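Comments concern the structure below.
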């Protein structure tokens, strides 16, 4: 199957070409022309600039101050966190036994949630992207529901499903003697519940966007389905896999509502970092800030690690 | 080596129904306009698109037969494919790309790598073994794709527009290289193209596909002398001759001599005579034309605002003349004419 884009001019490249210019086809290795450097917002647009930049690039009146408010609003709390951090007592706070326990538990639970999301979410994403089974859209909507569901509601729902008297939980209890609520495994499951949809939606988009003809090429070379998936599909969707993993891991790491509802708040077993922060804020604000700083650092690391994915380089 | 295929399927607006028989090894070129179903036919042969009706038999082995319910999956067909934009796996080096098929078929890693090295060496790319596809030029990528497809020793090799991604300057060179590699391939080879020059130079046999049907099949000579459809006529409307450079002229396979302007290349060549460079006269022309021979106007074809005259004779040729010339020379009456072509107008290049 030919790529449909072959014959069409690339939209973004065409925009900068004078009319009557050659159509740039996808096959040509022509770099898009460099974007004109945007002038400062206060500079009046010249006629040439208006022509080059085209419609829609000059902000409607009032957008710039409104956007500035948004930026300040988003950044100020983070600045406050840094300004008010008890830098002097930081080393002591960080190494306090409770902190380390919560940090370790958080990492175990969030990484466990990520693993569960990968093991079950990637096949689900593949099926949603590739197999046109009846009710696919309904399944997708239901699977993505936890993304928009208030986490506390998720926790309650988990309790009703996997709690000691839940519809699945009572069987788990009587058949295998497994009790999920108020256990580390329970905390991990609560985090998986809210985190997996992020992985599924990102990986599904990645699988849909990839050029399937690479898989065809692999098949003509003698590769079976599993080999194709492992050696061709997975590497090709690696960026989406990385982005989805980071998103769902970050979501799992910060999970609060579902965890505290389903797994409780037991130090060493289910008290993850967000729970510890909330608790510490009641009696030791300094420790809460310290813990928050740790999580801020982790979030920043994820953001920096994925900057290529989320902020495409021009 | 033989391929016997009948492929019938519908895809979108395409209604493909094609019979294809290749008796011996050699290069068969599948020529046709866009959306004629060339790529779909190739994908069907490779097993990437299921047939609705038909069968594919390669060297007596039934690969697909809808009547008998047989369908060998793509990965178990002895078919190598060079895709249109090569589709080299971007996350693997050239060597890993070439070794992929061998590894997929269970060859131990060391053996596969050694064989991949050998294949890359054969296409002259030993030094690019460690390079990722992104770092390769178009011509290099094409050769890696060829090496990858050949590494598993397929009995049928399919190439989809192998030269389409190349710029015009590099094409002639790459075409010669490709011709050489295909000549060394022992099995059957099917090449898709929409470029008539490519079709004439690569193929021993041409199959012209139009709107999902074979409209003509035969040798390039057969096709260019007797086009049987508007498409073929337009496409092969130029006069292409094959021959050998001999004493400052081109001796054609039929024995005639064409005198072309210096410098001439050596050995086997193609000579192209554009129809508009062919002049027709009722009397022996005087003056400079170096190539003059007798012929007989057999047919006139109006194409746009000019007329194509099919002239039979010592050297069959298509001439493009003005309606005025047709009237003043009374070409529509047929009869003998003198055909004149200036040496300057004949383009000669290596085969």
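Where a number appears in this text, it was derived from the coordinates with a stated rule and is not lab data. As the structure is a computational prediction, the values presented were derived from the model and not from experiment. Every residue, glycine as well, gets a Cβ built from its backbone with ideal geometry; the counts of neighbours run over all protein chains shown.
Kindly state, to the nearest 0.05, the FRET efficiency for residue B:170 paired with residue A:299, given R0 = 45 Å and r defined as their beta-carbon distance. That pair, residue B:170 with residue A:299, gives E of 0.35.
Based on DSSP H segments of at least four residues, each scored -39500 (n - 2.57), the protein assembly as shown has a per-residue ellipticity at 222 nm of -13000 deg cm²/dmol. Working from Cα positions, state the angle (0 to 90°, nearest 10) between the long axis of helix B:109-122 and the longest principal axis of chain B. Compared with the principal axis, the helix lies near 10 degrees.
In terms of surrounding Cβ atoms within a 10 Å radius of their Cβ, B:293, A:249 rank from fewest to most as B:293, A:249. Enter the Cα centre distance for the pair the stretch B:135-164 and the stretch A:63-141, rounded to the nearest angstrom. The stretch B:135-164 and the stretch A:63-141 have Cα centres spaced 45 Å from each other.
Angle of helix B:138-150 to the longest C-alpha principal axis of chain B, folded into 0 to 90 degrees and rounded to 10: 60°.
Tell me, how many Å apart are the Cα centres for the stretch B:272-344 and for the stretch B:1-36? Going from one Cα centre to the other spans 36 Å.
In terms of its alpha-carbon gyration tensor, the stretch B:44-126 comes out prolate; a/c meets the 1.5 threshold, and the first ratio a/b outweighs b/c. Counting, for every residue in B:84-95, the Cβ atoms of other protein chains within 10 Å of its Cβ and taking the mean gives 4.
Students often check this: by mean Cβ neighbours within 10 Å, which of B:27-34, B:134-141 ranks highest, and how do the rest follow?
Numbers: B:27-34: 21.8, B:134-141: 16.8.
Peptide ranking by packing, descending: B:27-34, B:134-141.
Residues of the stretch B:18-32 with an amide N closer than 15 Å to a point placed 7 Å from the Cα of residue B:4 along the Cα-to-Cβ direction: B:19-24. Which translational diffusion coefficient, to the nearest whole µm²/s, is obtained for the stretch A:92-310 from the Stokes-Einstein equation, given a Kirkwood hydrodynamic radius over C-alpha pairs, 4 °C and 1.567 mPa s? Approximately 69 µm²/s, per Stokes-Einstein. Can you give me the angle between helix B:94-104 and the longest principal axis of chain B, using Cα atoms only, in degrees from 0 to 90, rounded to the nearest 10? The helix B:94-104 is inclined about 60 degrees to chain B.
Quick check: from the Cα gyration tensor, does the stretch B:239-350 come out rounded (a/c under 1.5), prolate or oblate? In terms of gyration-tensor shape, prolate. Computed over the protein assembly as shown, the range of Cα coordinates on each principal axis works out to 115, 71, 46 Å, biggest value leading.
Sorted on the mean count of surrounding Cβ atoms within 10 Å across their residues, most packed first, peptides A:84-90, A:242-248, B:15-21, A:61-67 read A:242-248, B:15-21, A:84-90, A:61-67. I need the calculated FRET efficiency for the pair residue B:296 and residue B:259, taking r as the beta carbon distance and R₀ as 22 Å, to the nearest 0.05. Step by step, r from the Cβ atoms, then E = 0.50.
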